[in-house]
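Below: the structure, in structure tokens.
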Amino acid sequence: MEEFKLRGTNVIGIELIVGENFNLQKVKSFLKEKEQLLKGARFIISVENRELKEEELEELLEFLKGLSGITFCGFKTNVKANRELCIKFNVPCDLLTEKSEGGRASTEEVKIVRKTLRSGEKVTSTGDLIIMGDVNPGAEVEAGGNVYVMGSVRGFVRAGIGKREGEVRAVYFEAPRLEICGKTAEFERKEHYINFRAKVKEGKLKIDHLKRGA
């Protein structure tokens, strides 16, 4: 039986499925072997029936930073402790609530949308929201938690509704404005950013990005 499985496409996203026999060094070796295959892809790691250690997650995240041309989008897991650990490290994590302890859903929703949002479409989540596509002009995104867009943001994003801290991340950002925790940031229409991150912490809005040409 294979230790790892890859599922998906480079266009929509690729998921690496790792079972309970999680071995960090084997995962790193496998990903290194598949680096060219994964290049240009949005990438998720699914860990089932295995609680990760803090040092394992830290080492894995550092390793993923060194993989060329791969956009790491976070984790999927059916272990609540893994979700809590990811929150500590500020990493997106979709909790598979149908397999969680007692079969009960988490009180904080984590939603993954595997498509591009077109004009007129609106997506909401009471918790974190991960979009495996673009947010086109005229589309709206609202979340009580953080918003992670693994494509371009050209529509309106509102995150951290009713909270004091929150963030928005996007591979590309070209929208005229966004809102986090009630604080609004506005941008010139000609501004285009890559590896965009906007975060509200301790009442202050901070924006990090790399500017690219118009």
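Between 0 and 90 degrees, the angle of helix 54-65 with respect to the longest Cα principal axis of the chain falls at about 60 degrees.
Is there a pair in 32/80; 28/163; 115/204 whose C-alpha atoms are over 30 Å apart, and which pairs would that be? Over 30 Å Cα-Cα: 28/163; 115/204.
Distance from the C-alpha centroid of region 2-73 to that of region 108-147: 24 Å, rounded to the whole angstrom.
How large is the direction-averaged shadow of the alpha-carbon convex hull of the chain, in nm²?
12.2 nm²
Direction-averaged shadow area of the convex hull around the Cα atoms of region 110-212, nm²?
Averaged projected area of region 110-212's Cα convex hull equals 5.4 nm².
Annotation for region 135-174: trypsin sites (Lys or Arg not before Pro) lying in DSSP loop with at most 15 further Cβ atoms inside 10 Å of their Cβ are 163, 164.
No value in this document is a laboratory result; all are computed from the given coordinates. As the structure is a prediction and not an experimental result, all values here were calculated from the model. Every residue, glycine as well, gets a Cβ built from its backbone with ideal geometry; the counts of neighbours run over all protein chains shown.
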